[in-house]
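Below: one structure, written as structure tokens.
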Amino acid sequence: MIMRVPAVIFCALLLASCGSSDNDMPDTATGSTAISSTSTRTLGVNSFLWHATLDTLSFMPLQSADPFGGVIITDWYSDPSNPNERMRVTVYILDRRLRADGIKISTFRQTHSADGWVDAQVNPDTANKLEDAILVRARELRLASTPSN
């Protein structure tokens, strides 16, 4: 009986050392990157999703971008071919991992009328198409950063 106690403790310690957590992964595995050369700050969200979002929405002016909270808000954008309509996009990056459900997009649309700018219905596919474009670009960025064998 006395010999079983040390054996059980040894087995418990051995099993505990086999576990891992997300904190054990280096920042490059989750896509986090340092954003300042003078400190060790990292993005609070997946950097592939972050950079892919900025690339995909680069044609729109930015109102704000919070790399630690993972929120990107564009300003109103009017396509030159249709100046009586404008769009605005808000992107929420929800995870440090590159996952399809790690991003949420809200789109807003307005049309110009005699009363000024009026909220209008947004095509439901707009957010889905933007999300797909961002995810494709994020995968491209991840593949480009992976060293080839």
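The values are calculated or read from the model by the stated rules, or taken from the named source; none is laboratory data. Predicted model, so just to flag it, every value in this text is computed and none were measured.
Name the one entry in Ser148, Ser113 that is of a type in the set (Ser, Thr, Tyr), at pLDDT 90 or above and over 19 Å from Asp55 (Cα atoms). Let's see the steps before the verdict.
Working: Ser148 fails: at pLDDT 90 or above.
Result of the check over Ser148, Ser113: Ser113.
Do you know which residues across segment 60-73 are of a type outside the set (Gly, Ala, Ser) and at pLDDT 95 or above?
Going through segment 60-73, the residues of a type outside the set (Gly, Ala, Ser) turn out to be 60-63, 66-68, 71-73.
The answer is Met60, Pro61, Leu62, Gln63, Val71, Ile72, Ile73.
So in segment 55-112, with the set limited to residues that are of a type in the set (A, V, I, L, M) and part of a loop (DSSP other than H, G, I, E, B), which one is farthest from Val136 (Cα to Cα)? If you could, list the steps in order and put the result at the bottom.
Within segment 55-112, the first condition is being of a type in the set (A, V, I, L, M), and the residues that meet it are 57, 60, 62, 65, 71-73, 87, 89, 91, 93-94, 98, 100, 103, 105.
Among the residues that remain, those that are also part of a loop (DSSP other than H, G, I, E, B) are: 57, 60, 94, 98.
Working: Leu57: 13, Met60: 19, Leu94: 17, Leu98: 11 Å.
The selected residue is Met60.
May I ask you to verify whether Val45 is closer than 21 Å to Ala120 by Cα and either outside any helix (DSSP H, G or I) or modelled with pLDDT under 95 (or both)?
Details: closer than 21 Å to Ala120 by Cα: no; either outside any helix (DSSP H, G or I) or modelled with pLDDT under 95 (or both): yes.
Judged against the criteria, Val45 is not a match.
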